[in-house]
Amino acid sequence: MINSTGNRLTMEIRRQSNLAQQIARTQIEVSTGRRILSASDDPVAAARVATIRQAQSDDSVWKANLSLGGSLSAQADSVLQTMSERLARAQELIVSGANQSLSPADRVTVGRELRGIADEIDSLAATRSSLGDPLFASGPATAIRFGESTVFAPVPARADVFETGGSAISALVRAAATSVDSGNAAQIGASLAA
């Protein structure tokens with residue numbers, strides 16, 4: 001009889017201990033908002049949670065990459081707009097330099113402005129991105145991942161923008177400046193064709 005009572009007390013103590021552990025676990029689940037506290041609680045659900053966390057992490061990185069790509073693209077667009085304006089001005093100057101009625105002093109002034117435009121083009125080619133890297137890569141264009149299978153270069157490579165036919169556009173503008181300085185109509189015409 002005494003042995004039986006001792007066993008019942010031991011079982012009741014064990015039951016109370018288990019209930020205390022369950023209550024403590026439930027309190028942790030409620031306070032943290034997490035049903036799975038360790039992977040052994042529910043291995044399938046834990047694996048699914050890990051997959052979801054990875055997907056959320058990837059999504060946040062891709063969102064940041066989209067933002068970066070948009071920023072780089074906007075910066076490149078601004079540089080390209082400036083370059084377009086400078087090239088239009090260079091063309092105007094070359095056309096005016098073809099006018100045979102210009103005095104030698106006027107030709108030197110036009111040539112000086114053309115050289116200034118060439119320097120500006122070189123400066124635009126060396127523009128740095130918000131990250132401190134060259135905006136226009138000297139090799140292949142810098143590609144950014146925007147999704148699991150989506151990779152895109154938001155900014156073209158330097159050669160695609162600042163070179164034509166393997167020659168730097170700034171060098172062509174400087175050659176045009178030299179042609180205008182000399183007053184050689186054939187060279188000026190060739191500069192217009194380039």
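The values are calculated or read from the model by the stated rules, or taken from the named source; none is laboratory data. Quick caveat: nothing in here was measured; it's all calculated off a predicted structure. Here Cβ is always computed from backbone atoms with ideal geometry, including for glycine, and neighbour counts include all displayed protein chains. Remember, those area values only see protein heavy atoms, side chains included, never the ligands or the DNA or RNA. Shrake-Rupley method; radii C 1.70, N 1.55, O 1.52, S 1.80 Å.
General observations
- The listed residue being polar (S, T, N, Q), under 17 Å from Q187 (Cβ atoms) and either open to solvent by 70 Å² or more (accessible area, probe 1.4 Å) or touching a Phe, Trp or Tyr at 6+ places or on another chain (Cβ under 7 Å) (or both), out of Q100, Q81: Q100
- Boolean, S73 is part of a helix (DSSP H, G or I), at pLDDT 85 or above, surrounded by 12 or more Cβ atoms within 10 Å (Cβ to Cβ) and among the small types (G, A, S): yes
- Residue in segment 51-69 that is at pLDDT below 75 and part of a loop (DSSP other than H, G, I, E, B) present: no
- Against the numbered list (1) at pLDDT below 90; (2) under 30 Å from A143 (Cβ atoms), L102 comes up short only at (2).
- Of the listed requirements (1) under 27 Å from the mean Cα position of the chain (by Cα); (2) open to solvent by less than 40 Å² (accessible area, probe 1.4 Å), T150 misses just one: (2).
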